[in-house]
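Below you'll find the structure, written out as structure tokens, and then a few comments.
The values are calculated or read from the model by the stated rules, or taken from the named source; none is laboratory data. Every value quoted in this text rests on a predicted model; they were computed, and no experiment measured them. All Cβ positions, even for glycine, are placed from backbone atoms using ideal geometry, and neighbour counts span all protein chains on display. For accessibility, only protein heavy atoms count, side chains too; no ligands or nucleic acids. Shrake-Rupley method; radii C 1.70, N 1.55, O 1.52, S 1.80 Å.
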Amino acid sequence: MSFVRVWIHAVWGTKSRSNILKKEIRNELFSHIKLNAKEKGIFVDTVDGYTDHVHCLFTLNADISLSKSLQLIKGEASFWSNKIDLVKPKLMWADEYFAVSVSESVVDKVRKYIRNQEEHHKKMTFQEEYEDFLKKFNLKSQG
């Protein structure tokens, strides 16, 4: 058996940056994301977000790639949300996402950052945050 713990901080937005993730539904959506991921063998440590995006701190396992993990998390969340009419209009995610590995030594810092999204976005838009991430991690948009 392989033993793997690779922490990933992933961020993805709603399609067209639609502000449809209202405060009153986010907890239900994020709780479902954690539960569904667990059922699929993906450990989601922290998930939170704002009206137009989601931050997720999770660990990769030895059997599922990063892209497959995000496909399972994002795809099932929108399917479930649309099935129960949680979000109006229908919840659709943007195709692109941001993901970086996280050192064990800063996991607590990332958790706090993710949990503080409501306050954080009083000062910065999702687009500004996304561009800061790309710059901070020296990434170029691949779209």
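Counting only other residues whose beta carbon sits under 13 Å from that of residue 43, what net charge do I get with K and R as +1, D and E as -1?
Details: positive: 5, 34, 38, 40; negative: 39, 45, 63.
Net charge in that neighbourhood comes out at +1.
Please compare each pair in 38/88; 34/112; 22/88 to a cut-off of 19 Å on the Cα-Cα distance and tell me which ones are over it. The partial results should precede the final answer.
Details: 38/88 26 Å; 34/112 17 Å; 22/88 10 Å.
With Cα atoms farther than 19 Å apart: 38/88.
Of all accessible surface on the chain at a 1.4 Å probe, what whole percent is carbon and sulfur?
Solvent-exposed carbon and sulfur of the chain make up 51 percent of the total.
So, with +1 on the Cβ of K and R and -1 on the Cβ of D and E, and no other charges, what is the size of the charge dipole of the chain about its Cα centre, to the nearest 20 debye?
Taking the Cα centre of the chain as origin, the dipole is about 100 debye.
Consider just the alpha-carbon atoms of the range 62-143 and return their Rg together with their Dmax, both in angstrom.
That works out to 15.1, 40 Å for Rg and Dmax.
What whole-number value in Å² describes the accessible area per residue of the range 8-134 for a 1.4 Å probe?
Details: 6620 Å² over 127 residues.
Value returned for the range 8-134: 52 Å² of accessible area per residue.
Give the lysines whose C-alpha is closer than 25 Å to that of residue 140, dropping any in the same chain fewer than 8 places away, or say none.
The reachable lysines, counting only those whose Cα sits under 25 Å from residue 140, are 15, 68, 74, 109, 123.
Could you check the spin-label model distance between residue 105 and residue 136? Points 7 Å from the Cα along Cα→Cβ, value in nm.
1.7 nm
Give me the accessible area of residue 16, 1.4 Å probe, in Å² rounded to the nearest 10.
100 Å²
Under 13 Å from the 7 Å Cα→Cβ point of residue 80, by amide nitrogen: which residues of the range 12-34?
Inside the label zone: 26-34.
Could you tell me which residue out of 42, 30, 66 lies farthest along the dipole of the chain toward its positive end? Charges go on the beta carbon: Lys and Arg +1, Asp and Glu -1, centred on the Cα centre.
30
When a/c reaches 1.5 or more, the comparison of a/b and b/c decides; with that in mind, is the range 38-83 rounded, prolate or oblate per its Cα gyration tensor?
The shape class here is oblate.
Per residue of the chain, what 222 nm ellipticity follows from adding -39500 (n - 2.57) for every DSSP H run with n ≥ 4, rounded to the nearest 500?
Taken over the chain, the calculation gives -12500 deg cm²/dmol.
How far apart, in nm, are the 7 Å Cα→Cβ label points at residue 62 and residue 40?
If labels sit at residue 62 and residue 40, their model points lie 2.1 nm apart.
For the range 1-138, just list the percent of Cα-Cα distances falling in each 5 Å bin from zero outward, please.
With a bin width of 5 Å, the distribution comes to 2, 10, 21, 24, 22, 13, 6, 2, 0, 0.
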